[in-house]
Every structure is written in C-alpha cells, then in structure tokens.
Amino acid sequence: GENVEQHPSTLSVQEGDSAVIKCTYSDSASNYFPWYKQELGKRPQLIIDIRSNVGEKKDQRIAVTLNKTAKHFSLHITETQPEDSAVYFCAASANTGFQKLVFGTGTRLLVSP
Amino acid sequence: DTAVSQTPKYLVTQMGNDKSIKCEQNLGHDTMYWYKQDSKKFLKIMFSYNNKELIINETVPNRFSPKSPDKAHLNLHINSLELGDSAVYFCASSQDSGGGFGYTFGSGTRLTVV
C-alpha cells in the first residue's frame, strides 16, 4: 500500500520568508496529491492539489510541485504571514478503484511576526 | 449551511462504555470516511463507505462498527471504550471512491476516555 513521508515535522520562519514542505510517496500508481491545512482545533481544509499530469500548480502565495520520477512533491508558501501558522498535511492516492487518501505525518509551521 | 457535520463535538466517557458519533453531509457526495487523528496529529483512515456500502475497512478493532443508513449519513459506534480510543475522529466525504478528489472534513469529535 501507499506510504507517504513528510518533512520537516516542524518549521519556524519569520513573517515574509518562504516555507517549503516536502513529501515522498511510495506507490507509483498514485496520481492525486492534495495538501491540507489544519489550524488549531479545526478541521483539515484542502488548500491546493495537483494531479500527475501536471508538474506545478500555483494559487496566489502557495504552489505545489510534483516530480513523478523521484516520487516527491512539495508545498511552497511565499511571503508567509502569521495566519499561515498551522499544521500542513500532504496526501496521495491513486485514482483507480476504491482508493483512499494516505496522509503524511504533518508539518507544524510557525510564522513569527 | 455546514457541508459535513458531526455530532457531538466533544465526548467524555468512562472506560467500558459504548458511544456513537454521527455524521451527515449535504454535498451529494457518494463516498464517506472515518479518520482517526491521534495526539501526534497523525490522520489514519478507519473506514470508507460508497453509496452505503463498506469499501474500505482498515485494521480497526471490531469494537468499532460503522453504519451508513444512506449515502448522506455515516455513523460510528464504539463498544467497550478503552483509554487508547481517545482521539479526534473526523468524518469526511468525497465526490467518488476513486481517490482522485479531495475530501471535505467534518469539524471532528474529540473523544476522551477516562
């Protein structure tokens, strides 16, 4: 089955800096890679996703890149703000049959003013 | 209008008790899930239902029994609660069971077993 590793587990940056979170996956059949943001005491919320036919996707200050050959994908947040502080999860799944999202272990991002 | 709603939000109970968590989605999605988030924030799937049928059953003790009366509802009943069951339980739904769409999560149920 799929296994997703995520690094770092904790990331502290200054406001305005960039933040990068990296994930690797094991199942070459995986073709859907969403990212979720979970604020303290709240539900995980989808912030961006990418499919395997695309190498990069951007939405304002966040972007995701995918390297299918190396089986890794990354979340990039530019011009970080204190409200970006949260736990971020990557996930992966294959788009065939009965599949499930397998989540990484999460990255706690702290943006200091 | 909440897309995926769970009740209760908090549940404190004693070891050995039986409790239920309810989940409803109004998104018209075909697939619903239960995930467990432990104290280290790790999100692990427990069950998945597609149009009322169980399609994923991870290695979960049989004290946990999901029920889906229709595709908009997925409930979780837990018998003989143990200390290790303390966690946040999230219900989620997605457009289909193929895994190619993101999930919408409920607000979670924080279960504390004392």
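Here are a few things to note about the model shown:
- Of all residues in the stretch A:26-65, those that are hydrophobic (A, V, I, L, M, F, W, C), part of a strand (DSSP E or B) and under 15 Å from A:VAL102 (Cβ atoms) total 2.
- Extreme residue, farthest from B:PHE42 (Cα to Cα), among residues of the stretch A:1-21 that are out of contact with any Pro (no Cβ under 8 Å at 6 or more places or on another chain) and charged (D, E, K, R): A:ASP17
- Some residue of the stretch A:92-99 being within 14 Å of the chain's Cα centre (by Cα) and closer than 13 Å to A:SER18 by Cβ: no
- Every pair of residues 6+ apart whose Cβ atoms lie under 9 Å, when the first sits in the stretch A:35-58 and is more than 9 Å from chain B (Cβ to nearest Cβ) while the second is among the polar types (S, T, N, Q) and part of a strand (DSSP E or B): A:LYS37/A:GLN45; A:GLU39/A:GLN45; A:ILE50/A:THR65; A:GLY55/A:THR65; A:GLY55/A:ASN67; A:GLU56/A:THR65; A:LYS57/A:THR65
- When residues of the stretch A:86-99 are limited to those that are within 7 Å of chain B (Cβ to nearest Cβ) and within 15 Å of A:TYR36 (Cα to Cα), the one modelled with the lowest pLDDT: A:SER93
- Residue count, the stretch B:31-45 (criterion: out of contact with any Ser or Thr (no Cβ under 7 Å at 6 or more places or on another chain), buried (at least 16 other Cβ atoms within 10 Å of the Cβ) and either charged (D, E, K, R) or facing another protein chain (nearest Cβ under 10 Å) (or both)): 6
- Some residue of the stretch A:65-85 being on the phi > 0 side of the Ramachandran plot and within 13 Å of chain B (Cβ to nearest Cβ): no
- All told, B:ASP85 falls short of being closer than 25 Å to A:GLY104 by Cα, exposed (fewer than 13 other Cβ atoms within 10 Å of the Cβ) and not β-branched (Val, Ile, Thr).
- Scanning the stretch A:76-98 for residues that are touching a Lys or Arg at 6+ places or on another chain (Cβ under 8 Å) and without any contact (Cβ under 8 Å) to a residue 60 or more places away in the chain yields A:ILE77, A:ALA86, A:VAL87.
- Count of the stretch B:47-94 residues which are assigned to a strand (DSSP E or B), in contact (Cβ under 8 Å) with a residue 40 or more places away in the chain and either within 11 Å of chain A (Cβ to nearest Cβ) or not aromatic (Phe, Trp, Tyr) (or both): 16
The values are calculated or read from the model by the stated rules, or taken from the named source; none is laboratory data. Computed from a prediction, not measured in an experiment: that's the story for all the values here. Don't worry about glycine lacking a Cβ; one is built from the backbone with ideal geometry, like all the others, and counts go over all protein chains shown.
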